[in-house]
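Visitor: Just dropping this structure here.
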Amino acid sequence: MTAQLGLGTAQFGTDYGISNAQGQVSEDEVRLILATAAASGIRVIDTAANYGDAERVLGRCWPFPSPFKAITRTIGLQEGLDRLEARARRSLDYMGLARAHALMVRSAEDLLGPHGEALWGRLQKMKAEGLFSKIGITAYAEDAPALLARRFKPDILQVPASVLDQRLLKSGVFHELEAMGIVVHVRSVFLQGLLFLPREALPPSLAHIGPQLSRVRRRLAEAGADPLQAALSHALNLPGVSTVMVGVTSAAELRAVLAAAERPAPRHLDWDALALECPFALDPRRWSDPVVHTPALTAA
């Protein structure tokens, strides 16, 4: 079954300097984006406590009645369980909601530490109170997502995946999660805009992957596909994935994403050959210098 698009909101609350040279999205534009999303059938909205003012912006810009399912994330466990719970409740206030669709643990590392069980217990408590319909985990490929799912049995698991980053697909993780009945969301489908960045614009820490990116673009061109179409086709057809998160900075960008998502998947394309074989490049947390002046189509 083909996944649905969801809308990320990092750009609504911060300048998001890694991939948005335009600066924070204005509230007028946020309203246009949300109206376009609602009209197109997008229902999942992904935000977080650490997305600057994004939750407050959403609270001021939602259409009413809102057709959206709002997902937000916890703050870091280092701030303490009581503060974490209080901040999750405040997220609802900021968004103007009595309840939200889901609360996600921001970092799998918090669950794997000595207070992980207590943290998960707090989320279960808030779910039982009816504040959040679902609880889940935001993870990276290095966090062993399938093992996390077996241990905590989340309603939702969100992981990065893209045509450049096929690690979870090739290792069979998506099939494992599907067999467990876990709802899977994917993010970083454009890998912070790296898929669109010309080789000559790569920052020094990523210059070594220039030849690989050039080969990816050449293969796409030979198959008659553009990077946006290929990235979305790949993500929307991942096994067991229900929602693919994308971030935009304008309604026009969202319309471009929607149009690309509607196009047929490229034929005669060797998808496996498009994957980058460089763990460093696949983890933006490790990049020593940010990608700049990339298209604003980014990870959620």
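Visitor: Does the chain come out rounded, prolate or oblate by the C-alpha gyration tensor, with a ≥ b ≥ c the root eigenvalues, rounded set by a/c under 1.5 and, if not, prolate when a/b is larger than b/c and oblate if not?
Guide: Values: a/c = 1.59, a/b = 1.33, b/c = 1.20.
Prolate is the answer for the chain, as a/c is 1.5 or above and a/b outweighs b/c.
Visitor: Just add up the charged neighbours of Val173: K/R +1, D/E -1, any other residue whose Cβ is under 14 Å from the Cβ of Val173.
Guide: On the way: positive: Arg150, Arg167, Lys170; negative: Glu142, Asp143, Asp165, Glu176, Glu178.
Residues near Val173 contribute -2 overall.
Visitor: Quantify, in whole percent, the carbon and sulfur part of the accessible surface of the stretch 67-127 (1.4 Å probe; protein heavy atoms only). Could the numbers behind the result be given before it?
Guide: Working: 1290 of 2780 Å².
C and S fraction of accessible area: 46 percent.
Visitor: First compute the accessible area of the stretch 148-300 with a 1.4 Å probe, then give the percent of it belonging to carbon and sulfur atoms. Mind showing how you got there, number by number?
Guide: Numbers: 3310 of 6120 Å².
The computed percentage sits at 54.
Visitor: Against the longest alpha carbon principal axis of the chain, how many degrees, from 0 to 90 and to the nearest 10, is the axis of helix 27-40 turned?
Guide: Taking the Cα atoms of the chain, the angle to 27-40 is about 80 degrees.
Visitor: Using θ = phi - 60° and the Karplus form 6.51 cos²θ - 1.76 cosθ + 1.60, what ³J(HN,Hα) does each residue of the stretch 90-107 get, whole Hz, x for Gly and Pro?
Guide: In residue order, the calculated couplings are 5, 4, 5, 4, 4, 7, x, 10, 6, 8, 10, 5, 7, 10, 10, 5, 5, 9 Hz.
Visitor: With a sphere of radius 15 Å drawn around the Cβ of Arg199, what net charge do the other residues whose Cβ falls strictly inside it have (Lys, Arg +1; Asp, Glu -1)? Provide the component values of the computation, followed by the final result.
Guide: Numbers: positive: Arg215, Arg217, Arg218, Arg219; negative: Glu200.
In short, +3.
Visitor: Given the rule -39500 (n - 2.57) for each run of at least 4 DSSP H residues, summed and divided by the residues of the chain, what is its mean residue ellipticity at 222 nm, to the nearest 500 deg cm²/dmol?
Guide: Numbers: 12 runs with 114 residues, N = 300.
For the chain, the value works out to -11000 deg cm²/dmol.
Visitor: Show me 275-285, 168-178 ranked by packing, highest mean number of other Cβ atoms within 10 Å first. Can you show the working numbers first?
Guide: On the way: 275-285: 15.8, 168-178: 17.9.
Per-residue Cβ counts within 10 Å, averaged per peptide and sorted highest first, yield 168-178, 275-285.
Visitor: Angle between the Cα long axis of helix 227-236 and the longest principal axis of the chain, 0 to 90 degrees, nearest 10?
Guide: 50
Visitor: Let me ask something else about it. Provide the per residue accessible area, probe 1.4 Å, for the chain, rounded to a whole number of square angstrom.
Guide: 42
Visitor: If you don't mind, there's one more thing I want to ask. Residues in the stretch 52-73 near a label at Ala98, defined as backbone nitrogen under 17 Å from the 7 Å Cα→Cβ point?
Guide: 64-70
Visitor: Output the peptides 144-151, 202-209 sorted from most to least packed, where packing is the average of other Cβ atoms within 10 Å over each peptide's residues. Please report the intermediate quantities before stating the final value.
Guide: Numbers: 144-151: 18.4, 202-209: 14.8.
Averaged packing, sorted descending, gives the order 144-151, 202-209.
Visitor: Any chance you could give the angle, 0 to 90 degrees and rounded to 10, that helix 116-128 forms with the longest Cα principal axis of the chain?
Guide: Value to nearest ten degrees: 70.
Visitor: Also: List the residues whose amide H sits under 5 Å from the amide H of Ala144, counting only those 5 or more places along or on another chain, with H placed 1.01 Å from N in the peptide plane.
Guide: HN-HN under 5 Å from Ala144: empty list.
Visitor: How many lysine pairs does the stretch 114-189 hold where the Cα atoms are under 17 Å apart and the two sit 8 or more places apart or on different chains?
Guide: Going through the stretch 114-189 pair by pair, I get 4.
Visitor: Sort the following peptides by mean Cβ neighbour count (other Cβ atoms within 10 Å, averaged over residues), highest first: 264-270, 254-260. Let's see the in-between values first.
Guide: Working: 264-270: 12.0, 254-260: 18.1.
Taking the mean over residues of other Cβ atoms within 10 Å, the ranking is 254-260, 264-270.
The values are calculated or read from the model by the stated rules, or taken from the named source; none is laboratory data. Remember, it's a predicted structure, so these values are computed and weren't measured experimentally. Virtual Cβ from ideal backbone geometry, glycine too; neighbours counted across all protein chains shown. Please note that ligands, DNA and RNA were not included when accessible areas were found on the heavy atoms of the full protein model with its side chains. Shrake-Rupley method; radii C 1.70, N 1.55, O 1.52, S 1.80 Å.
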